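The values are calculated or read from the model by the stated rules, or taken from the named source; none is laboratory data. Predicted model, so just to flag it, every value in this text is computed and none were measured. Virtual Cβ from ideal backbone geometry, glycine too; neighbours counted across all protein chains shown.
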Amino acid sequence: MFDFESVSHLNGYIKQSLQDNPYLAEFSVVGEISQYTVSARDHAYFSIKDDQSVINCVIFSRNRSALKIDPQIGMKVKVTGGLDYYSAGGKLQMIATNIEDKGAGDLHEQFNKLFKKLQDEGLFDGSHKKAIPILPRRIGVVTSQSGKVISDIVNTIRKRNPHHDILLYPASVQGELCPPEVISGIKYFNENKNVDVIIVARGGGSYEELFCFNDEGIARAVYASEIPVISAIGHEPDYTIIDYVADVRAATPTAAGEMVIASYADQTKEIDNLALNLDIAINQFIDSRRKALDVYKNHKALHSPAFYAREQLAVVNGLKNQLDALSSRFVKQAQSEVNEVKVRLDALNPNNVLNRGYSYVCNSKGKAVESAKSVKKGDNVSIVLADGTLLTEIKDISIKTDGGSEDA
(Lines give C-alpha, C1' and ligand atoms only; values in the text may rest on other atoms or scores of the structure.)
Protein backbone atom coordinates (compact mmCIF):
# COMPACT_ATOMS: atom_id res chain seq x y z
CA MET A 1 0.00 0.00 0.00
CA PHE A 2 1.31 3.42 -0.99
CA ASP A 3 1.11 6.25 1.53
CA PHE A 4 0.51 9.76 0.18
CA GLU A 5 2.06 12.52 2.18
CA SER A 6 -0.94 14.86 1.89
CA VAL A 7 -4.21 15.54 0.11
CA SER A 8 -2.36 17.82 -2.26
CA HIS A 9 0.05 15.02 -3.08
CA LEU A 10 -2.91 12.65 -3.76
CA ASN A 11 -4.79 15.15 -5.91
CA GLY A 12 -1.63 15.98 -7.84
CA TYR A 13 -1.09 12.30 -8.56
CA ILE A 14 -4.69 11.89 -9.78
CA LYS A 15 -4.33 14.92 -12.06
CA GLN A 16 -1.04 13.64 -13.51
CA SER A 17 -2.48 10.14 -14.04
CA LEU A 18 -5.41 11.56 -16.01
CA GLN A 19 -3.11 13.72 -18.12
CA ASP A 20 -0.89 10.72 -18.89
CA ASN A 21 -3.91 8.64 -20.08
CA PRO A 22 -4.12 9.05 -23.91
CA TYR A 23 -7.79 8.00 -23.97
CA LEU A 24 -8.80 10.86 -21.67
CA ALA A 25 -6.65 13.55 -23.31
CA GLU A 26 -9.13 13.94 -26.19
CA PHE A 27 -12.40 12.07 -26.66
CA SER A 28 -16.09 12.57 -27.39
CA VAL A 29 -19.14 11.50 -25.42
CA VAL A 30 -22.92 11.69 -26.05
CA GLY A 31 -25.26 12.84 -23.30
CA GLU A 32 -28.17 15.11 -22.44
CA ILE A 33 -27.57 18.66 -21.20
CA SER A 34 -29.12 18.99 -17.76
CA GLN A 35 -27.64 22.31 -16.61
CA TYR A 36 -26.30 25.21 -18.63
CA THR A 37 -25.15 28.62 -17.36
CA VAL A 38 -23.00 31.31 -18.97
CA SER A 39 -20.63 33.36 -16.83
CA ALA A 40 -19.93 37.08 -17.12
CA ARG A 41 -16.72 36.21 -18.99
CA ASP A 42 -18.77 34.23 -21.55
CA HIS A 43 -17.59 30.80 -20.38
CA ALA A 44 -20.36 28.16 -20.31
CA TYR A 45 -20.63 25.73 -17.38
CA PHE A 46 -22.89 22.75 -17.95
CA SER A 47 -23.37 19.07 -17.24
CA ILE A 48 -24.31 16.14 -19.44
CA LYS A 49 -25.91 12.92 -18.27
CA ASP A 50 -27.49 9.64 -19.18
CA ASP A 51 -29.99 7.63 -17.15
CA GLN A 52 -27.31 6.62 -14.58
CA SER A 53 -24.46 9.13 -14.48
CA VAL A 54 -23.58 12.80 -14.89
CA ILE A 55 -20.35 14.73 -15.55
CA ASN A 56 -19.63 18.43 -15.19
CA CYS A 57 -18.24 20.30 -18.19
CA VAL A 58 -16.96 23.74 -19.16
CA ILE A 59 -16.41 25.31 -22.57
CA PHE A 60 -14.35 28.50 -22.64
CA SER A 61 -15.44 31.57 -24.57
CA ARG A 62 -12.95 31.11 -27.45
CA ASN A 63 -14.42 27.67 -28.27
CA ARG A 64 -18.00 28.64 -27.35
CA SER A 65 -18.01 31.46 -29.89
CA ALA A 66 -17.19 28.93 -32.64
CA LEU A 67 -20.14 26.63 -31.83
CA LYS A 68 -22.68 26.03 -34.62
CA ILE A 69 -25.51 25.46 -32.14
CA ASP A 70 -26.98 27.23 -29.13
CA PRO A 71 -26.91 24.58 -26.40
CA GLN A 72 -30.09 24.26 -24.32
CA ILE A 73 -31.14 22.15 -21.36
CA GLY A 74 -32.68 18.89 -22.57
CA MET A 75 -30.70 18.73 -25.82
CA LYS A 76 -28.91 15.51 -26.69
CA VAL A 77 -25.38 16.47 -27.69
CA LYS A 78 -22.01 15.07 -28.61
CA VAL A 79 -19.28 16.81 -26.59
CA THR A 80 -15.63 16.70 -27.68
CA GLY A 81 -12.77 17.59 -25.32
CA GLY A 82 -10.57 16.18 -22.57
CA LEU A 83 -10.70 15.52 -18.82
CA ASP A 84 -9.24 17.89 -16.29
CA TYR A 85 -8.84 17.45 -12.56
CA TYR A 86 -8.90 20.60 -10.43
CA SER A 87 -6.53 19.45 -7.73
CA ALA A 88 -7.13 22.39 -5.34
CA GLY A 89 -10.86 21.62 -5.12
CA GLY A 90 -10.70 17.90 -5.88
CA LYS A 91 -13.16 18.27 -8.78
CA LEU A 92 -13.21 16.37 -12.04
CA GLN A 93 -14.63 18.07 -15.13
CA MET A 94 -14.49 17.84 -18.88
CA ILE A 95 -12.93 20.73 -20.80
CA ALA A 96 -15.07 20.86 -23.97
CA THR A 97 -13.79 22.16 -27.27
CA ASN A 98 -16.90 21.48 -29.37
CA ILE A 99 -20.60 20.62 -28.90
CA GLU A 100 -22.73 19.01 -31.65
CA ASP A 101 -26.50 18.61 -31.67
CA LYS A 102 -27.82 15.03 -31.47
CA GLY A 103 -31.52 15.87 -31.08
CA ALA A 104 -33.78 15.99 -28.04
CA GLY A 105 -32.63 14.29 -24.88
CA ASP A 106 -34.55 11.40 -23.37
CA LEU A 107 -35.79 13.32 -20.31
CA HIS A 108 -36.64 16.34 -22.39
CA GLU A 109 -38.59 14.17 -24.80
CA GLN A 110 -40.46 12.53 -21.90
CA PHE A 111 -41.36 15.97 -20.56
CA ASN A 112 -42.66 17.18 -23.93
CA LYS A 113 -44.79 14.06 -24.50
CA LEU A 114 -46.38 14.25 -21.04
CA PHE A 115 -46.86 18.01 -21.33
CA LYS A 116 -48.73 17.67 -24.64
CA LYS A 117 -50.86 14.78 -23.34
CA LEU A 118 -51.99 16.63 -20.23
CA GLN A 119 -52.45 19.89 -22.12
CA ASP A 120 -54.71 18.16 -24.67
CA GLU A 121 -56.77 16.71 -21.80
CA GLY A 122 -57.28 20.20 -20.35
CA LEU A 123 -55.35 19.75 -17.08
CA PHE A 124 -53.64 23.14 -17.57
CA ASP A 125 -56.82 25.11 -18.34
CA GLY A 126 -57.31 28.21 -16.24
CA SER A 127 -61.02 27.44 -15.86
CA HIS A 128 -60.11 24.58 -13.49
CA LYS A 129 -57.90 26.72 -11.24
CA LYS A 130 -59.18 27.24 -7.71
CA ALA A 131 -58.75 30.48 -5.79
CA ILE A 132 -56.39 30.53 -2.81
CA PRO A 133 -58.37 31.38 0.36
CA ILE A 134 -57.65 34.82 1.77
CA LEU A 135 -57.41 33.64 5.38
CA PRO A 136 -56.61 29.91 5.56
CA ARG A 137 -56.97 28.58 9.09
CA ARG A 138 -54.57 25.68 8.52
CA ILE A 139 -51.93 25.24 5.81
CA GLY A 140 -50.77 21.82 4.61
CA VAL A 141 -47.20 21.35 3.35
CA VAL A 142 -45.94 18.33 1.40
CA THR A 143 -42.14 18.31 1.45
CA SER A 144 -39.14 16.74 3.15
CA GLN A 145 -39.22 16.94 6.94
CA SER A 146 -35.49 17.70 6.98
CA GLY A 147 -33.71 20.46 5.18
CA LYS A 148 -34.16 24.16 4.67
CA VAL A 149 -37.44 24.15 2.71
CA ILE A 150 -39.84 23.42 5.55
CA SER A 151 -38.03 25.79 7.91
CA ASP A 152 -38.13 28.58 5.30
CA ILE A 153 -41.87 28.10 4.77
CA VAL A 154 -42.63 27.94 8.52
CA ASN A 155 -40.47 30.97 9.33
CA THR A 156 -41.97 33.01 6.49
CA ILE A 157 -45.55 32.23 7.53
CA ARG A 158 -44.82 32.81 11.22
CA LYS A 159 -43.25 36.20 10.48
CA ARG A 160 -46.20 37.28 8.36
CA ASN A 161 -48.93 35.94 10.63
CA PRO A 162 -48.32 33.78 13.71
CA HIS A 163 -52.01 32.90 14.14
CA HIS A 164 -52.21 30.08 11.59
CA ASP A 165 -51.47 26.36 11.92
CA ILE A 166 -49.09 24.50 9.63
CA LEU A 167 -49.42 20.74 9.08
CA LEU A 168 -46.47 18.89 7.48
CA TYR A 169 -46.84 15.68 5.47
CA PRO A 170 -43.27 14.31 5.14
CA ALA A 171 -42.43 13.16 1.61
CA SER A 172 -39.38 12.42 -0.47
CA VAL A 173 -38.71 15.20 -2.97
CA GLN A 174 -36.17 13.36 -5.10
CA GLY A 175 -35.82 9.91 -6.64
CA GLU A 176 -38.25 7.05 -7.10
CA LEU A 177 -40.06 7.54 -3.78
CA CYS A 178 -40.96 11.14 -4.61
CA PRO A 179 -44.09 10.63 -6.82
CA PRO A 180 -45.92 8.08 -4.63
CA GLU A 181 -45.20 9.97 -1.40
CA VAL A 182 -46.22 13.36 -2.81
CA ILE A 183 -49.42 11.81 -4.21
CA SER A 184 -50.09 10.23 -0.81
CA GLY A 185 -49.69 13.62 0.90
CA ILE A 186 -52.13 15.36 -1.45
CA LYS A 187 -54.69 12.57 -1.00
CA TYR A 188 -54.24 12.61 2.79
CA PHE A 189 -55.17 16.27 3.08
CA ASN A 190 -58.14 15.86 0.72
CA GLU A 191 -59.51 12.81 2.53
CA ASN A 192 -59.20 14.38 6.00
CA LYS A 193 -60.27 17.91 4.99
CA ASN A 194 -57.96 19.25 7.69
CA VAL A 195 -56.32 22.11 5.75
CA ASP A 196 -57.56 24.98 3.58
CA VAL A 197 -54.62 25.07 1.15
CA ILE A 198 -51.72 22.72 0.21
CA ILE A 199 -48.14 23.70 -0.63
CA VAL A 200 -46.01 21.13 -2.51
CA ALA A 201 -42.40 22.29 -2.23
CA ARG A 202 -38.73 21.46 -2.63
CA GLY A 203 -35.57 23.54 -2.95
CA GLY A 204 -33.40 24.04 -5.98
CA GLY A 205 -31.59 21.23 -7.74
CA SER A 206 -30.44 19.87 -11.05
CA TYR A 207 -32.82 19.04 -13.89
CA GLU A 208 -32.56 15.36 -12.95
CA GLU A 209 -33.26 16.01 -9.27
CA LEU A 210 -36.41 17.99 -10.08
CA PHE A 211 -37.58 15.61 -12.79
CA CYS A 212 -39.61 13.50 -10.34
CA PHE A 213 -42.16 16.36 -10.31
CA ASN A 214 -42.70 15.78 -14.05
CA ASP A 215 -44.84 12.79 -13.04
CA GLU A 216 -48.27 12.06 -14.49
CA GLY A 217 -49.56 10.66 -11.19
CA ILE A 218 -48.62 13.83 -9.30
CA ALA A 219 -50.22 15.97 -12.02
CA ARG A 220 -53.51 14.06 -11.83
CA ALA A 221 -53.53 14.14 -8.02
CA VAL A 222 -53.11 17.93 -8.04
CA TYR A 223 -55.83 18.29 -10.70
CA ALA A 224 -58.24 16.10 -8.71
CA SER A 225 -57.55 17.92 -5.43
CA GLU A 226 -60.59 19.71 -4.01
CA ILE A 227 -58.21 21.82 -1.90
CA PRO A 228 -56.23 24.56 -3.73
CA VAL A 229 -52.60 23.58 -4.41
CA ILE A 230 -49.57 25.88 -4.60
CA SER A 231 -46.48 24.43 -6.30
CA ALA A 232 -43.08 25.68 -5.15
CA ILE A 233 -40.45 23.55 -6.90
CA GLY A 234 -36.87 24.77 -7.25
CA HIS A 235 -36.18 28.38 -8.18
CA GLU A 236 -37.59 30.95 -10.60
CA PRO A 237 -36.26 29.37 -13.87
CA ASP A 238 -37.26 25.82 -12.87
CA TYR A 239 -40.57 24.67 -14.37
CA THR A 240 -42.00 21.18 -13.90
CA ILE A 241 -45.33 19.61 -14.89
CA ILE A 242 -46.81 20.20 -11.43
CA ASP A 243 -46.33 23.96 -11.91
CA TYR A 244 -48.69 23.94 -14.89
CA VAL A 245 -51.40 21.89 -13.14
CA ALA A 246 -51.27 23.62 -9.75
CA ASP A 247 -53.75 26.38 -8.98
CA VAL A 248 -50.85 28.78 -8.34
CA ARG A 249 -47.10 28.50 -8.95
CA ALA A 250 -44.66 30.10 -6.52
CA ALA A 251 -41.13 30.81 -7.75
CA THR A 252 -39.59 29.45 -4.52
CA PRO A 253 -40.75 27.82 -1.28
CA THR A 254 -40.23 31.13 0.51
CA ALA A 255 -42.42 32.85 -2.10
CA ALA A 256 -45.10 30.23 -1.43
CA GLY A 257 -45.04 31.15 2.27
CA GLU A 258 -45.47 34.82 1.38
CA MET A 259 -48.24 34.03 -1.10
CA VAL A 260 -50.34 31.73 1.07
CA ILE A 261 -51.05 34.19 3.84
CA ALA A 262 -51.22 37.96 4.00
CA SER A 263 -49.07 39.86 6.45
CA TYR A 264 -50.71 40.36 9.86
CA ALA A 265 -49.70 44.02 9.75
CA ASP A 266 -51.21 44.40 6.26
CA GLN A 267 -54.40 42.67 7.38
CA THR A 268 -54.65 44.90 10.46
CA LYS A 269 -54.17 47.98 8.28
CA GLU A 270 -56.80 46.75 5.82
CA ILE A 271 -59.29 46.11 8.65
CA ASP A 272 -58.63 49.59 10.05
CA ASN A 273 -59.28 51.10 6.61
CA LEU A 274 -62.50 49.10 6.25
CA ALA A 275 -63.61 50.16 9.73
CA LEU A 276 -62.94 53.80 8.86
CA ASN A 277 -64.87 53.50 5.58
CA LEU A 278 -67.74 51.81 7.43
CA ASP A 279 -67.81 54.56 10.02
CA ILE A 280 -67.90 57.22 7.31
CA ALA A 281 -70.70 55.39 5.48
CA ILE A 282 -72.78 55.03 8.67
CA ASN A 283 -72.37 58.72 9.50
CA GLN A 284 -73.36 59.70 5.96
CA PHE A 285 -76.44 57.49 6.19
CA ILE A 286 -77.43 58.96 9.56
CA ASP A 287 -76.98 62.50 8.22
CA SER A 288 -79.15 61.79 5.18
CA ARG A 289 -81.89 60.27 7.38
CA ARG A 290 -81.69 63.23 9.77
CA LYS A 291 -82.14 65.67 6.86
CA ALA A 292 -85.14 63.67 5.65
CA LEU A 293 -86.67 63.80 9.13
CA ASP A 294 -86.15 67.57 9.23
CA VAL A 295 -88.05 67.88 5.95
CA TYR A 296 -90.93 65.78 7.29
CA LYS A 297 -90.88 67.65 10.61
CA ASN A 298 -91.40 70.99 8.85
CA HIS A 299 -94.07 69.68 6.47
CA LYS A 300 -97.41 71.56 6.64
CA ALA A 301 -99.31 68.28 6.98
CA LEU A 302 -97.88 67.80 10.46
CA HIS A 303 -98.86 71.28 11.60
CA SER A 304 -102.32 71.35 9.88
CA PRO A 305 -103.98 67.97 9.25
CA ALA A 306 -106.58 69.75 7.07
CA PHE A 307 -103.76 70.71 4.67
CA TYR A 308 -103.18 67.10 3.71
CA ALA A 309 -106.97 66.54 3.39
CA ARG A 310 -107.24 69.56 1.06
CA GLU A 311 -104.36 68.26 -1.04
CA GLN A 312 -106.08 64.89 -1.42
CA LEU A 313 -109.45 66.57 -2.15
CA ALA A 314 -107.82 68.54 -4.95
CA VAL A 315 -106.51 65.28 -6.38
CA VAL A 316 -110.00 63.71 -6.16
CA ASN A 317 -111.62 66.75 -7.85
CA GLY A 318 -109.06 66.57 -10.62
CA LEU A 319 -109.84 62.91 -11.19
CA LYS A 320 -113.62 63.70 -11.12
CA ASN A 321 -113.21 66.38 -13.79
CA GLN A 322 -111.24 63.99 -15.96
CA LEU A 323 -113.95 61.34 -15.52
CA ASP A 324 -116.75 63.81 -16.37
CA ALA A 325 -114.93 64.89 -19.51
CA LEU A 326 -114.38 61.31 -20.59
CA SER A 327 -118.03 60.39 -19.84
CA SER A 328 -119.38 63.35 -21.85
CA ARG A 329 -117.15 62.49 -24.79
CA PHE A 330 -118.29 58.86 -24.64
CA VAL A 331 -122.04 59.79 -24.51
CA LYS A 332 -121.71 62.16 -27.47
CA GLN A 333 -119.92 59.52 -29.52
CA ALA A 334 -122.56 56.90 -28.65
CA GLN A 335 -125.41 59.33 -29.51
CA SER A 336 -123.83 60.04 -32.87
CA GLU A 337 -123.62 56.34 -33.63
CA VAL A 338 -127.28 55.81 -32.59
CA ASN A 339 -128.45 58.66 -34.89
CA GLU A 340 -126.51 57.20 -37.78
CA VAL A 341 -128.16 53.81 -37.27
CA LYS A 342 -131.61 55.49 -36.99
CA VAL A 343 -131.11 57.22 -40.36
CA ARG A 344 -130.25 53.90 -41.99
CA LEU A 345 -133.28 52.19 -40.37
CA ASP A 346 -135.60 54.98 -41.50
CA ALA A 347 -134.38 54.55 -45.03
CA LEU A 348 -135.34 50.90 -44.87
CA ASN A 349 -138.83 51.48 -43.27
CA PRO A 350 -141.58 50.43 -45.82
CA ASN A 351 -144.05 53.01 -44.39
CA ASN A 352 -141.79 55.78 -45.61
CA VAL A 353 -142.02 54.26 -49.10
CA LEU A 354 -145.89 54.27 -48.88
CA ASN A 355 -145.80 57.94 -47.83
CA ARG A 356 -144.20 58.73 -51.13
CA GLY A 357 -147.35 57.43 -53.00
CA TYR A 358 -146.50 53.78 -53.37
CA SER A 359 -148.65 50.79 -52.29
CA TYR A 360 -148.50 47.02 -52.18
CA VAL A 361 -151.03 44.14 -52.64
CA CYS A 362 -151.82 41.35 -50.15
CA ASN A 363 -153.84 38.20 -50.75
CA SER A 364 -156.64 37.00 -48.54
CA LYS A 365 -154.13 35.53 -46.10
CA GLY A 366 -152.29 38.83 -45.68
CA LYS A 367 -149.23 37.79 -47.66
CA ALA A 368 -147.75 40.26 -50.11
CA VAL A 369 -148.47 39.43 -53.75
CA GLU A 370 -145.10 39.41 -55.45
CA SER A 371 -146.20 38.11 -58.90
CA ALA A 372 -149.29 38.37 -61.10
CA LYS A 373 -149.07 34.62 -61.55
CA SER A 374 -149.71 34.01 -57.84
CA VAL A 375 -153.40 35.18 -58.12
CA LYS A 376 -156.38 34.46 -60.42
CA LYS A 377 -159.53 36.14 -61.51
CA GLY A 378 -162.12 36.46 -58.81
CA ASP A 379 -159.58 36.47 -55.93
CA ASN A 380 -160.15 39.06 -53.24
CA VAL A 381 -157.04 41.12 -52.51
CA SER A 382 -156.14 44.12 -50.31
CA ILE A 383 -154.30 47.20 -51.58
CA VAL A 384 -152.31 48.74 -48.73
CA LEU A 385 -151.79 52.52 -48.91
CA ALA A 386 -150.10 54.94 -46.51
CA ASP A 387 -153.39 55.99 -44.91
CA GLY A 388 -155.50 52.81 -45.25
CA THR A 389 -156.39 49.57 -47.06
CA LEU A 390 -158.64 49.00 -50.14
CA LEU A 391 -160.53 45.70 -50.55
CA THR A 392 -161.07 44.67 -54.18
CA GLU A 393 -161.75 41.70 -56.49
CA ILE A 394 -159.52 40.81 -59.40
CA LYS A 395 -161.49 41.21 -62.64
CA ASP A 396 -158.67 40.60 -65.09
CA ILE A 397 -154.93 39.65 -65.13
CA SER A 398 -152.37 40.78 -67.67
CA ILE A 399 -149.04 38.91 -67.66
CA LYS A 400 -145.99 40.85 -68.88
CA THR A 401 -143.82 39.04 -71.42
CA ASP A 402 -140.78 39.94 -73.50
CA GLY A 403 -142.94 40.69 -76.48
CA GLY A 404 -145.55 42.68 -74.57
CA SER A 405 -148.59 41.66 -72.42
CA GLU A 406 -151.02 38.79 -72.60
CA ASP A 407 -154.21 37.89 -70.75
CA ALA A 408 -154.04 35.20 -68.12
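If LYS91 passes every condition in (1) among the basic types (Lys, Arg); (2) touching a residue at least 60 places away in the same chain (Cβ under 8 Å); (3) under 30 Å from LEU24 (Cβ atoms) but one, which one does it miss?
(2)
What residue, among those in segment 73-93 that are more than 24 Å from ASP51 (Cβ to Cβ) and of a type outside the set (Gly, Ala, Ser), is surrounded by the most Cβ atoms within 10 Å (Cβ to Cβ)? Write out each step before concluding.
Looking only at segment 73-93, we keep the residues that are more than 24 Å from ASP51 (Cβ to Cβ), and these are 82, 84-90.
Retained after the next criterion (residues that are of a type outside the set (Gly, Ala, Ser)): 84-86.
Numbers: ASP84: 17, TYR85: 19, TYR86: 11.
It comes out as TYR85.
Has segment 157-169 got any residue that is of a type outside the set (D, E, K, R), within 26 Å of ILE73 (Cα to Cα) and not assigned by TED's automatic domain parsing to the domain that holds ASP51? Quick ask: steps written out before the conclusion?
Narrowing segment 157-169 to residues of a type outside the set (D, E, K, R): 157, 161-164, 166-169.
With the extra rule that they be within 26 Å of ILE73 (Cα to Cα), the set shrinks to none.
Checking segment 157-169: not a single residue is of a type outside the set (D, E, K, R), within 26 Å of ILE73 (Cα to Cα) and not assigned by TED's automatic domain parsing to the domain that holds ASP51.
Of the residues ASN317, ASN363, which is surrounded by 10 or more Cβ atoms within 10 Å (Cβ to Cβ) and outside the structural domain of THR401 (by TED's automatic domain parsing)? Can you show your working first?
Numbers: ASN363 fails: outside the structural domain of THR401 (by TED's automatic domain parsing).
Exactly one residue qualifies, and that residue is ASN317.
Have a look at TYR86, TYR36 and point out the one that is aromatic (Phe, Trp, Tyr) and farther than 30 Å from CYS212 by Cα.
On the way: TYR36 fails: farther than 30 Å from CYS212 by Cα.
Only one candidate passes the filter, namely TYR86.
Of the residues ILE271, ILE282, only one is within 30 Å of the chain's Cα centre (by Cα), loosely packed, with under 11 Cβ neighbours inside 10 Å, part of a helix (DSSP H, G or I) and not small (Gly, Ala, Ser); which? It would help to see each step written out before you state the result.
Values: ILE282 fails: within 30 Å of the chain's Cα centre (by Cα).
One residue alone meets the criteria, ILE271.
Any chance segment 61-69 includes a residue that's without any contact (Cβ under 8 Å) to a residue 60 or more places away in the chain and in contact with a helix residue (DSSP H, G or I) (Cβ under 6 Å, 6 or more places away or on another chain)?
Residues of segment 61-69 without any contact (Cβ under 8 Å) to a residue 60 or more places away in the chain: 61-69.
Of the ones still in play, those that are also in contact with a helix residue (DSSP H, G or I) (Cβ under 6 Å, 6 or more places away or on another chain) are none.
Scanning segment 61-69, I find no residue that is without any contact (Cβ under 8 Å) to a residue 60 or more places away in the chain and in contact with a helix residue (DSSP H, G or I) (Cβ under 6 Å, 6 or more places away or on another chain), so the answer is no.
Residue-wise test of (1) in the same structural domain as HIS43 (by TED's automatic domain parsing); (2) within 52 Å of the chain's Cα centre (by Cα); (3) of a type in the set (Asp, Glu).
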position: ASP70; (1), (2), (3): yes, yes, yes
position: ILE73; (1), (2), (3): yes, yes, no
position: LYS76; (1), (2), (3): yes, yes, no
position: THR80; (1), (2), (3): yes, no, no
position: LEU83; (1), (2), (3): yes, no, no
position: TYR86; (1), (2), (3): yes, no, no
position: GLY90; (1), (2), (3): yes, no, no
position: ILE95; (1), (2), (3): yes, no, no
position: ASN98; (1), (2), (3): yes, yes, no
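Considering each residue of segment 9-27, count those that are in contact with a strand residue (DSSP E or B) (Cβ under 6 Å, 6 or more places away or on another chain), over 14 Å from LEU92 (Cβ atoms) and part of a helix (DSSP H, G or I), and give that number. Write out each step before concluding.
Taking segment 9-27 and keeping what is in contact with a strand residue (DSSP E or B) (Cβ under 6 Å, 6 or more places away or on another chain), we get 14-15, 18, 24-26.
Subset that is over 14 Å from LEU92 (Cβ atoms): 25-26.
Checking the rest, the ones that are also part of a helix (DSSP H, G or I) come to 25.
Adding up the residues that qualify gives 1.
For (1) assigned by TED's automatic domain parsing to the domain that holds ILE139; (2) buried (at least 22 other Cβ atoms within 10 Å of the Cβ); (3) in contact with a Gly (Cβ under 6 Å, 6 or more places away or on another chain), each residue gets a yes or a no:
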position: LYS187; (1), (2), (3): yes, no, no
position: VAL197; (1), (2), (3): yes, yes, no
position: LEU210; (1), (2), (3): yes, yes, yes
position: ALA221; (1), (2), (3): yes, yes, no
position: ILE242; (1), (2), (3): yes, yes, no
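Given the residues ALA262, ALA221, ALA251, ALA232, which is the only one that is among the hydrophobic types (A, V, I, L, M, F, W, C) and over 28 Å from LYS49 (Cβ atoms)?
Values: ALA221 fails: over 28 Å from LYS49 (Cβ atoms); ALA251 fails: over 28 Å from LYS49 (Cβ atoms); ALA232 fails: over 28 Å from LYS49 (Cβ atoms).
Residue meeting the stated conditions: ALA262.
Mind checking which residues of segment 121-167 are in contact with a Lys or Arg (Cβ under 7 Å, 6 or more places away or on another chain) and without any contact (Cβ under 8 Å) to a residue 40 or more places away in the chain?
The answer is ASP165, LEU167.
Could you tell me whether segment 178-196 includes any residue that is more than 19 Å from ASP125 (Cα to Cα), in a strand (DSSP E or B) and of a type in the set (Gly, Ala, Ser)? Even if it seems obvious, please write down each step before you answer.
The initial filter retains those residues of segment 178-196 that are more than 19 Å from ASP125 (Cα to Cα), namely 178-196.
Checking the rest, the ones that are also in a strand (DSSP E or B) come to none.
Checking segment 178-196: not a single residue is more than 19 Å from ASP125 (Cα to Cα), in a strand (DSSP E or B) and of a type in the set (Gly, Ala, Ser).
Determine, yes or no, whether SER34 is assigned to a strand (DSSP E or B), touching a Phe, Trp or Tyr at 6+ places or on another chain (Cβ under 7 Å) and surrounded by 13 or more Cβ atoms within 10 Å (Cβ to Cβ). Steps first, please.
Working: assigned to a strand (DSSP E or B): yes; touching a Phe, Trp or Tyr at 6+ places or on another chain (Cβ under 7 Å): yes; surrounded by 13 or more Cβ atoms within 10 Å (Cβ to Cβ): yes.
Judged against the criteria, SER34 is a match.
Of the residues that sit in segment 60-115 and are closer than 16 Å to SER47 by Cα and in a helix (DSSP H, G or I), which one is modelled with the highest pLDDT?
ARG64
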